[in-house]
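A.B. asks: The structure follows.
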Amino acid sequence: MMTSAFNEKRQFHRITFQSDAILKSATSQWRCQVLDLSLNGCLVQFTEDWQQHSPEIYTLELSLSDDIDIIMELSMAHQHEKIVGFKCEYIDFDSFSNLSRLIELNLGDSQLLEQDLLALAELKKHQD
């Protein structure tokens, strides 16, 4: 369970969203379950302990429906056995739009999404 101090450090609202997905590397792919999503990353669970430790970029493919997908390029941020947190390194416009809409619908408040968008813009400004 996360402590409140850890939650207070979060700049982005996370939504609980459980769905099957595929995580790919340059040489492998794994089935996983997305546990939660934010504009800055996701938390996923694997059926076995995650054994990858390289600073590799992974691609998450999450299908919301037959014609709506979210595809994110991710780097590993933290791990605890089968549960791994990933940071979003790149997301295309369509996937970003789909993710933003999903988050807005689940938060039930467009102002909370707007706060996340401002935090994301600020984060990107400091990275450049």
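Any read-out appearing in this document is the output of simple, stated calculations on the displayed coordinates, not a laboratory observation. Just so it is clear, the structure is predicted and the values come from calculations on it, not from any experiment. We place every Cβ from the backbone using ideal geometry, glycine too, and count neighbours over all the protein chains shown.
A.B. asks: Taking amide hydrogens as modeled 1.01 Å from N in the peptide plane, which residues meet the under 5 Å criterion relative to Phe17, leaving out close sequence neighbours?
C.D. replies: Asp36, Leu37
A.B. asks: Where does each of Leu64, Leu37, Leu43 land when they are ranked from fewest to most other beta-carbon atoms within 10 angstrom?
C.D. replies: Listed from fewest to most nearby Cβ atoms, that is Leu64, Leu43, Leu37.
A.B. asks: Could you pull out every residue, at least 5 positions away or on a different chain, whose amide H is within less than 5 Å of the one on Asn40? Hs are placed 1.01 Å off N in the peptide plane, and Pro or chain starts have none.
C.D. replies: Answer set, sorted by chain and number: none.
A.B. asks: Local charge sum around Leu23 (other residues, Cβ-Cβ under 12 Å, Lys/Arg +1, Asp/Glu -1)?
C.D. replies: Once positives and negatives cancel, what remains is -2.
A.B. asks: Please order Ile71, Ile15 by the number of other Cβ within 10 Å, starting at the fewest.
C.D. replies: Ranked by crowding around the Cβ, least crowded first: Ile15, Ile71.
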